[in-house]
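Student: Questions regarding the structure given below will be posed in turn.
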Amino acid sequence: MVSRCAWATSAPDYIAYHDDEWGRPVHGDDHVYERITLEAFQSGLSWLTILRKRENFRRAFAEFSIPKVAAFGESDVERLMNDTGIVRNRAKVDAAIANARAAAELPGGLCELVWKFADWSAPAPAGLGDVPAQTAGSKALAKELKKHGFRFVGPTTAYALMQAIGLVNDHVIDCWVREEVSALRNGAAPC
């Protein structure tokens, strides 16, 4: 039997996300923007809800193209608020658009900014109880993003982003993916 992080075993959607995506390095401004957006929409909800609506989010948010979402106007907000395929929360919709606009203004791009906060120094967690909800690094990342005008990016959301895109490796010590993620990370090219 394959050993996985305990959170990833309750549903096929979780297993696929864990095995194929979570913790693997993500590069490219639009790809990082997608993850920030999804993590913000997840706030207060189950990640499973977001995973199951992910394709709807992609369609609704122009495949997470930063320039396209940055150009969204009030008619787009209304369209999104009427889209039953996504989470219809006005504050989160507004944040996603504001975040695209903020990302579009970053001199080096979103990917470059976020990857400055990579930290692979933490020891492998033995279990879920060893995985923090936030760290000094996630607090610093959240502060930096907010400084540039990002919304819905507190330290806990920032840490979830760091985990999701490979800035940290929180696969537990006996998870089969941990070693693979470590190898990918070590060879990860800059943005």
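The values are calculated or read from the model by the stated rules, or taken from the named source; none is laboratory data. Because the structure is predicted, anything quoted here is derived from the model rather than measured. Here the Cβ is made from the backbone with ideal geometry for all residues, glycine too, and neighbour counts use every protein chain on show.
Student: If we keep just the residues of the range 102-137 that are charged (D, E, K, R) and farther than 25 Å from P67 by Cα, which is surrounded by the most Cβ atoms within 10 Å (Cβ to Cβ)? I'd like the intermediate steps shown before the answer.
Tutor: Filtering the range 102-137 down to residues charged (D, E, K, R) leaves 105, 112, 116, 119, 130.
Within this subset, residues satisfying the condition of being farther than 25 Å from P67 by Cα are 119, 130.
Working: D119: 15, D130: 13.
Among them, the one singled out is D119.
For every residue, the table says whether it meets (1) touching a helix residue (DSSP H, G or I) at 6+ places or on another chain (Cβ under 7 Å); (2) surrounded by fewer than 18 Cβ atoms within 10 Å (Cβ to Cβ); (3) of a type outside the set (F, W, Y).
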| residue | (1), (2), (3) |
| --- | --- |
| S3 | yes, yes, yes |
| W7 | yes, yes, no |
| D19 | yes, yes, yes |
| E39 | yes, no, yes |
| L45 | no, yes, yes |
| E55 | no, yes, yes |
| F61 | yes, no, no |
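Student: Right, here's the next one. Which ones in the range 27-58 are within 13 Å of the chain's Cα centre (by Cα), at pLDDT below 95 and of a type outside the set (S, T, N, Q)? Walk me through it before giving the result.
Tutor: Restricting attention to the range 27-58, the residues satisfying the condition of being within 13 Å of the chain's Cα centre (by Cα) are 27-43, 47, 50-51, 54.
Applying the additional criterion that residues be at pLDDT below 95 yields 27, 43.
Answer for the range 27-58, where residues must be within 13 Å of the chain's Cα centre (by Cα), at pLDDT below 95 and of a type outside the set (S, T, N, Q): just H27.
Student: Taking the residues in the range 66-76 that are over 24 Å from T49 (Cβ atoms) and either assigned to a loop (DSSP other than H, G, I, E, B) or modelled with pLDDT under 95 (or both) as candidates, determine which candidate is nearest to the chain's Cα centre (by Cα).
Tutor: A71
Student: While we're here: Residues being of a type in the set (D, E, K, R), more than 22 Å from W47 (Cα to Cα) and not in a helix (DSSP H, G or I): count how many of those fall in the range 77-110. Break it down into steps so the answer makes sense when it comes.
Tutor: Of the range 77-110, the ones of a type in the set (D, E, K, R) are 78-79, 83, 88, 90, 92, 94, 101, 105.
Filter again for more than 22 Å from W47 (Cα to Cα), leaving 78-79, 101, 105.
Now drop any that are not not in a helix (DSSP H, G or I), which leaves none.
The qualifying residues number 0.
Student: Just a yes or no: is a residue in the range 23-43 in a loop (DSSP other than H, G, I, E, B), under 21 Å from C191 (Cβ atoms) and among the aliphatic types (A, V, I, L, M)?
Tutor: Pass one, the range 23-43, residues in a loop (DSSP other than H, G, I, E, B): 23-28, 43.
From what is left, the residues that are under 21 Å from C191 (Cβ atoms) are 23-28.
The next check asks that each one be among the aliphatic types (A, V, I, L, M); those that pass are 26.
Scanning the range 23-43, I find at least one residue that is in a loop (DSSP other than H, G, I, E, B), under 21 Å from C191 (Cβ atoms) and among the aliphatic types (A, V, I, L, M), so the answer is yes.
Student: Looking only at the range 140-178, count every residue that is assigned to a helix (DSSP H, G or I), over 25 Å from G129 (Cβ atoms) and of a type in the set (D, E, K, R) and tell me the total.
Tutor: Taking the range 140-178 as the starting set, the residues that turn out to be assigned to a helix (DSSP H, G or I) are 140-147, 155-164, 176-178.
Now narrow it down to the ones that are over 25 Å from G129 (Cβ atoms): 143-147.
Those still in the list that are of a type in the set (D, E, K, R) too: 143-144, 146-147.
Matching residues across the range 140-178 total 4.
Student: Let me ask something else. Please count how many residues of the range 56-78 are touching a residue at least 12 places away in the same chain (Cβ under 8 Å) and either of a type in the set (A, V, I, L, M) or farther than 19 Å from G28 by Cα (or both).
Tutor: Matching residues across the range 56-78 total 8.
Student: Inside the range 111-133, can you point out the residues that are in a loop (DSSP other than H, G, I, E, B), within 19 Å of the chain's Cα centre (by Cα) and either more than 14 Å from G166 (Cα to Cα) or without any contact (Cβ under 8 Å) to a residue 40 or more places away in the chain (or both)? I'd like the intermediate steps shown before the answer.
Tutor: Filtering the range 111-133 for residues in a loop (DSSP other than H, G, I, E, B) gives 116-127, 131-133.
Right, trim to within 19 Å of the chain's Cα centre (by Cα) and you get 116-120, 131-133.
Those that are in a loop (DSSP other than H, G, I, E, B), within 19 Å of the chain's Cα centre (by Cα) and either more than 14 Å from G166 (Cα to Cα) or without any contact (Cβ under 8 Å) to a residue 40 or more places away in the chain (or both): K116, V131, P132, A133.
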